[in-house]
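Peer 1: Here you go, one structure.
Quick note: the coordinates plus some simple rules give every number you see, no bench work behind them. Note that the coordinates shown come from a computational prediction; the quantities given were computed from them, not determined experimentally. No Cβ is skipped: glycine too gets one built from the backbone with ideal geometry, and neighbour counts run over all protein chains shown.
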Amino acid sequence: MRLTYGPWGETLNELVSAARAAEEAGADTLWVPELHRSATVTAAVLAGATTEARIGTAIALAFTRSPMTTALEALDLDELSGGRFVLGLGSGVRRLNEDWHGVTWDKPVKGMRDTVTAIREFTANCRTGAPIEAPGMRIRGYQRPFPVERGRIPIYLAAVGPAMTRLAGEIGDGWISHELCSPAYLREQLLPQLDPRPGFEVVVSACCSIDDDPAVAYRRAAGLVGFYASVRTYADFFAFHGLAEEQARVVELFRRGAGADDLAEAVPERMVELLTLSGTAEQVRDKLSAYGGLADAIKLTPPTHGVAAEETRLAQDRIIELIGDLT
């Protein structure tokens with residue numbers, strides 16, 4: 001398995017420092033999210049600051065940009081990185097699309113298929129001057145005058161539900177899991193839907209918290225688990241792990257007015273132990289090994305919900321140290 005990393009920083013300068021440290025330690029790919037920053041702008045910053053690791057979005061929102069804009073940004077990022085860019089796309093949820101971005105949420109699986117088709121059609125033909133036809137795209141009289149690093153940029157799809165997961169296996173170059181994805185859930189629920197083919201990359205995302213005191217490591221990661229447990233959409237996921245009652249307590253606390261960063265108190269150590277890579281360095285190594293034969297790469301990220309920035313920094317330092325030890 002390849003070890004990859006999602007660097008964190010309060011500032012872009014700190015983010016760059018973390019990315020460089022992770023690359024030096026041996027991280028195969030550096031992933032950037034889209035929530036508090038733009039995924040493509042952050043990817044550009046890291047592409048210009050690194051030399052060897054792939055740069056990927058995990059994830060960029062698929063429906064809040066036009067397919068042509070996404071394709072142009074992907075081509076520019078691929079040029080900037082010297083062919084190291086991976087375009088990770090996700091649909092997001094209805095509330096995020098409609099209420100936050102003002103875009104229509106309708107048949108997301110079809111929308112994702114159409115978006116990927118349009119991006120690939122544009123990147124393959126943008127320099128020819130020929131008409132470009134794709135779902136939602138009808139281009140005439142256009143020819144990109146700049147060089148293209150690659151006519152086909154890898155597109156990875158993030159997916160949780162069975163229909164989107166099947167789509168990722170069908171049309172994607174790779175798949176990126178939800179931040180909580182146990183080996184058992186991957187093996188029993190997701191891989192049968194993905195049916196990965198040769199060359200397809202299965203990337204498991206994992207919140208990672210390492211400390212010589214396992215209790216400290218668990219507490220750092222509890223806020224992130226609580227954040228996702230507050231979402232009722234994930235009820236089947238928590239029930240699969242025998243955590244339905246634990247999730248219900250988090251949901252009730254959230255309904256009573258607790259903020260998303262204030263849910264750790266309702267999360268027992270058992271939830272953190274089952275759903276994250278937390279504990280001592282040795283314990284985390286053992287948990288990583290459980291993905292052997294299931295995942296092609298692990299995307300490690302430090303906990304950020306309900307913890308002070310200094311705690312995230314400590315977690316980040318330990319993860320990068322672990323990457324160095326293992327690679």
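Peer 1: So, R0 is 30 Å and r is the distance between the beta-carbons of residue 216 and residue 2; what FRET efficiency does that work out to, to 0.05?
Peer 2: The formula returns an efficiency of 0.60 here.
Peer 1: Quick check: net charge around residue 254, other residues with Cβ under 14 Å of its Cβ, Lys/Arg +1 and Asp/Glu -1?
Peer 2: Summing Lys and Arg as +1 and Asp and Glu as -1 gives -1.
Peer 1: Scan around residue 85 for amide H atoms under 5 Å from its own, H built in the peptide plane at 1.01 Å from N, and keep only partners 5 or more places away or cross-chain.
Peer 2: Here 55 satisfy the definition.
Peer 1: Test of understanding: ordering 63, 240 by Cβ neighbours within 10 Å, fewest first, what list do you get?
Peer 2: The fewest-first ordering by Cβ neighbours comes to 240, 63.
Peer 1: Now for a separate question. Quote the Stokes-Einstein diffusion coefficient, in whole µm² s⁻¹, for region 22-86, based on the Kirkwood radius over alpha carbon pairs, a temperature of 25 °C and a viscosity of 0.890 mPa s.
Peer 2: Once the numbers are plugged in, D ends up at 208 µm²/s.
Peer 1: Whose amide H sits under 5 Å from the amide H of residue 201, counting only residues 5 or more places off or on another chain, with H placed in the peptide plane?
Peer 2: Here the answer is 174, 175, since their amide H atoms fall under 5 Å of that of residue 201.
Peer 1: I'd like the FRET efficiency for residue 64 and residue 270, computed as 1/(1 + (r/R0)^6) with the beta carbon distance as r and R0 of 30 Å, rounded to 0.05.
Peer 2: In this case the efficiency is close to 0.25.
Peer 1: Could you estimate the translational diffusion coefficient of region 122-264 from the Stokes-Einstein equation, with Rh from the Kirkwood formula over C-alpha pairs, at 20 °C and 1.002 mPa s, in whole µm²/s?
Peer 2: Estimated diffusion coefficient is 116 µm²/s.
Peer 1: Let me ask another. Kirkwood hydrodynamic radius, region 149-222, all distinct C-alpha pairs: what's the number in Å?
Peer 2: 13.8
Peer 1: Given 0.36 nm per residue, what is the gain on full extension from residue 252 to residue 280 after removing their alpha carbon distance, in nm?
Peer 2: Full-extension gain reported as 7.0 nm.
Peer 1: How far apart, in nanometres, would the label points at residue 117 and residue 236 be if each is projected 7 angstrom from Cα along the Cα-to-Cβ direction?
Peer 2: 2.5
Peer 1: Quick one: Karplus J couplings for region 227-237, per residue in order, coefficients 6.51, -1.76, 1.60, θ = phi - 60°, nearest Hz, x for Gly and Pro?
Peer 2: 4, 6, 5, 6, 8, 5, 4, 8, 4, 5, 4
Peer 1: Here's another thing I want to ask about it. For the chain, modelled as a Gaussian network with Cα springs under 10 Å, which listed residue fluctuates most, 140, 20, 65?
Peer 2: Most flexible of the set in this elastic network: 140.
Peer 1: Turning to a different aspect of this structure: Full extension from residue 170 to residue 14: what is 0.36 nm times the residue separation minus their Cα-Cα distance, to one decimal in nm?
Peer 2: Gain on stretching residue 170 to residue 14: 52.4 nm.
Peer 1: Between residue 294 and residue 260, 0.36 nm times their residue separation minus their Cα-Cα distance comes to what?
Peer 2: 9.1 nm is the gain from fully extending residue 294 to residue 260.
Peer 1: Chymotrypsin sites (Phe, Trp or Tyr not before Pro) within region 161-239: which are DSSP loop residues with at most 12 other Cβ atoms inside 10 Å?
Peer 2: none
Peer 1: What whole-number value in cubic angstrom gives the convex hull volume per residue for the C-alpha atoms of region 75-149?
Peer 2: 112
Peer 1: Now, a different point. Simple spin-label model, 7 Å along Cα-to-Cβ: residue 35 to residue 148 in nm?
Peer 2: Computed distance between label sites residue 35 and residue 148 equals 3.4 nm.
Peer 1: Same structure, new question: With the cut-off at 1.5 for a/c, could you classify region 189-327 from its C-alpha gyration tensor as rounded, prolate or oblate?
Peer 2: oblate
Peer 1: Also: For residue 216, what charge total do you get from the other residues with a beta carbon under 12 Å from its beta carbon, if Lys and Arg give +1 and Asp and Glu give -1?
Peer 2: My count for the surroundings of residue 216 gives -2.
Peer 1: Viscosity 0.692 mPa s, temperature 37 °C: Stokes-Einstein D of the chain from its Kirkwood Cα radius, in µm² per second?
Peer 2: 162
Peer 1: A further question on this structure: Excluding residues on the same chain fewer than 8 positions from residue 299, give the lysines whose Cα lies under 23 Å from its Cα.
Peer 2: 287
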